[in-house]
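**Student:** This structure is in structure tokens; I'll ask about it shortly.
The values are calculated or read from the model by the stated rules, or taken from the named source; none is laboratory data. Just so we're clear, the structure is a prediction, and the values are computed from it rather than from any experiment. Here Cβ is always computed from backbone atoms with ideal geometry, including for glycine, and neighbour counts include all displayed protein chains. Heads up: the accessible areas ignore ligands, DNA and RNA and are worked out on the full protein's heavy atoms, side chains in. Shrake-Rupley method; radii C 1.70, N 1.55, O 1.52, S 1.80 Å.
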Amino acid sequence: MRASAIAHPNVALIKYWGKRETAANLPAVGSLSITLGGLKTETTVEFDSSLSQDILILNGQETPSEQGRLVACLDALRALADESVHARVESRNDFPTGAGLASSASGYAALVKAGAAALGLDSNDAQLLDIARIGSGSAPRSMFGGIVLLQNDDNGTTCEQLLDPADWPLEVIVAVTTEAGKPVTSRDGMEQSRLTSPYYQQWIATHANDLDRGLEFVRNRNFSELAELAEHNCLKMHSVMLTTKPALMYWSPTTVACMHAVVELRSRGVPVFYTIDAGPQLKAICLPEAAQIVSAALENTPGVLRLISGGLGAGAVVVNGPQRVSADA
Ligand code: PMV
């Protein structure tokens with residue numbers, strides 16, 4: 001009863017921030033993301049009858065702070081498999097953890113894939129998407145590769161791949177500005193925003209239009225329109241964060257310097273735009289021919305520690321252990 005899986009984090013171009021229901025972890029709005037091939041989580045799950053509780057070893061260290069979400073996901077998997085054995089989960093990220101690089105998205109996608117395989121469940125079962133969402137609202141998106149859409153429906157959420165990585169080759173260059181974790185988690189921060197930001201309702205009210213336009217620009221491979229829209233959507237989310245009480249300022253001076261560098265490049269005709277999540281790292285998305293010039297500009301921005309680059313990645317996969325895949329999936 002042991003299996004391993006790999007998943008990549010993802011970054012939303014049209015983001016979600018806020019929940020419509022906290023218990024089931026349902027997002028208030030849909031989102032459109034790209035899966036980041038340059039960063040990776042590898043997770044091994046072993047169900048072992050000698051254990052008296054579930055254990056998570058994250059990057060070599062026991063991590064009791066994640067116990068609630070971990071047990072909730074494992075319980076849902078065990079219920080599906082009609083099993084009661086506890087698990088030891090060992091997970092490793094090759095990038096900074098809990099620092100706005102979606103380590104929880106790749107972490108819970110890999111956990112669910114590996115856990116399902118270890119329990120002999122169908123690793124393409126759509127119910128796994130809902131189980132991943134218990135761990136992190138953006139984790140279902142990391143179950144797929146390329147460009148991904150997550151939407152609300154009456155029963156919860158649906159998630160699907162829109163484009164394969166090869167359908168629209170894009171490059172992502174992450175400017176790492178700190179290796180440290182963030183002071184306020186996304187889950188706590190977005191709930192505080194819902195309760196206190198005077199702009200929260202406007203964010204929700206204007207969101208469907210952003211998502212519709214984002215879908216259209218992806219369908220038409222319209223990079224320049226997508227660039228303007230994605231930056232605007234990102235800035236709207238950060239306006240809500242900044243006007244939360246107490247304020248959520250995830251940017252550092254280096255983040256802002258990188259934003260200026262990207263906007264300056266685009267004003268000179270370089271096909272690139274930025275996006276930023278709940279942390280100070282900046283992600284630059286560009287067409288492949290611009291990757292070199294974008295990397296050089298970010299590398300020379302004072303405060304940038306290092307760059308992580310890559311194309312769009314694949315969805316979560318089982319790499320070791322038993323695997324059952326339904327024929328029609
Ligand atoms: O559900 P979480 O904790 O993965 O929150 C994701 C929040 C943002 O990254 C800021 C936006 C998004 O849609 O990914």
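**Student:** For the chain, what is the accessible area per residue in Å², given a 1.4 Å probe and the full set of protein chains?
**Tutor:** Result: 41 Å² of accessible area for each residue.
**Student:** Using a Förster radius of 41 Å, what is the FRET efficiency between A247 and E160 based on their Cβ-Cβ separation? Nearest 0.05, please.
**Tutor:** Once the sixth-power term is evaluated, E becomes 0.70.
**Student:** Once the principal axes of the Cα atoms of the range 171-311 are found, what is the range along each, listed largest first in whole angstroms?
**Tutor:** The principal-axis extents, from largest down, are 43, 36, 23 Å.
**Student:** Using θ = phi - 60° and the Karplus form 6.51 cos²θ - 1.76 cosθ + 1.60, what ³J(HN,Hα) does each residue of the range 259-274 get, whole Hz, x for Gly and Pro?
**Tutor:** In residue order, the calculated couplings are 4, 4, 4, 5, 5, 5, 4, 5, 5, 9, x, 7, x, 8, 9, 10 Hz.
**Student:** Still on this model: What's the angle, to the nearest 10 degrees (0 to 90), between helix 103-118's Cα axis and the longest principal axis of the chain?
**Tutor:** Value to nearest ten degrees: 30.
**Student:** So what are the ³J(HN,Hα) numbers for the range 122-129, from phi and the Karplus equation (6.51, -1.76, 1.60; θ = phi - 60°), rounded to whole Hz, Gly and Pro as x?
**Tutor:** Once rounded to whole Hz, the list reads 5, 7, 10, 4, 4, 5, 5, 5.
**Student:** Return the whole-Å distance between the Cα centroid of the range 98-163 and the Cα centroid of the range 214-241.
**Tutor:** 23
**Student:** What do you get for the angle between helix 67-81 and the principal long axis of the chain? Use alpha-carbon atoms, 0 to 90 degrees, nearest ten.
**Tutor:** With both axes taken from Cα atoms, the answer is about 60 degrees.
**Student:** While we're on this one: Cα to Cα, under 14 Å, and not fewer than 8 places away if on the same chain: which aspartates and glutamates meet these conditions relative to K283?
**Tutor:** Cross-link targets: E171, E231, E299.
**Student:** Moving on to the next point. Residues with amide H under 5 Å of L312's amide H, sequence separation 5 or more or different chain, H placed in the peptide plane at 1.01 Å from N; which?
**Tutor:** Answer set, sorted by chain and number: G37, L170.
**Student:** Can you tell me the 0 to 90 degree angle between the C-alpha axis of helix 186-196 and the longest principal axis of the chain, rounded to 10?
**Tutor:** For helix 186-196, the angle is close to 60 degrees.
**Student:** For the chain, with all protein chains present and a 1.4 Å probe, just round the carbon and sulfur fraction of the accessible area to a whole percent.
**Tutor:** Ligands and nucleic acids excluded, carbon and sulfur give 49 percent.
**Student:** Same structure again: Ratio to report: Rg/Rh of the chain, with Cα atoms as the point set and Rh obtained by the Kirkwood method; give two decimals.
**Tutor:** 0.96
**Student:** Taking H placed 1.01 Å from N in the peptide plane, check which residues at least 5 places from K19 or on another chain put their amide H under 5 Å from its amide H.
**Tutor:** A28
**Student:** What percent of all Cα-Cα pairs in the range 31-127 falls in each 5 Å bin, counting up from 0?
**Tutor:** Distribution as computed: 2, 13, 25, 25, 18, 12, 5, 1, 0 percent.
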